[in-house]
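First comes the structure, then the notes that go with it.
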Amino acid sequence: GLRSEFGRPLAMTATLALAKPYYIGGELVVGTATIVVHEPLTVAELKVKFVGKEKTMIENTVKYQDGDEWKERVEKHKNEKEFFKEEVVMFKVDGGVLAPGTHQYPFQFQLP
């Protein structure tokens, strides 16, 4: 079976499936979280954190004269901005124990 990075068997595995491959601002993100529990698992709730980031990189080639010789250098400018972070509670577990088996939880949230 699956094992953690420390070699212990995993108590659960989780996957997220989205209704479409990408979303743009203002859209409703829709998907399903699938949790496969391999042994009884003590848990109060399952939360998923969604983070939206934009990354930009501008690459500019500058040509300049050094004496009689023409040279060029590449200037790179990078920036990253986090514009969205939301934690969605998928479910709360009554009694605090999630039974072995496959559990599916639909979710949705609005992008700004």
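The values are calculated or read from the model by the stated rules, or taken from the named source; none is laboratory data. For clarity, every value in this text was computed on a predicted model and none was experimentally measured. Reconstructed Cβ throughout: ideal geometry from the backbone, glycine too, with neighbour counts over all protein chains shown. SASA here: full protein model, heavy atoms, side chains in, ligands and nucleic acids out. Shrake-Rupley method; radii C 1.70, N 1.55, O 1.52, S 1.80 Å.
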Query - Residue satisfying all of: in the range 75-112; of a type in the set (Lys, Arg) and over 25 Å from Ile58 (Cβ atoms); least open to solvent (accessible area, probe 1.4 Å) among these - result: Lys85
Report summary line: Subset of the range 25-53, residues open to solvent by 90 Å² or more (accessible area, probe 1.4 Å) and under 15 Å from the mean Cα position of the chain (by Cα), comes to Lys47, Lys49, Lys53
Report task. Please find, among Thr32, Thr61, Thr42, Thr13, the residue that is on the phi < 0 side of the Ramachandran plot, out of contact with any Ser or Thr (no Cβ under 7 Å at 6 or more places or on another chain) and in contact (Cβ under 8 Å) with a residue 60 or more places away in the chain. Result -> Thr32
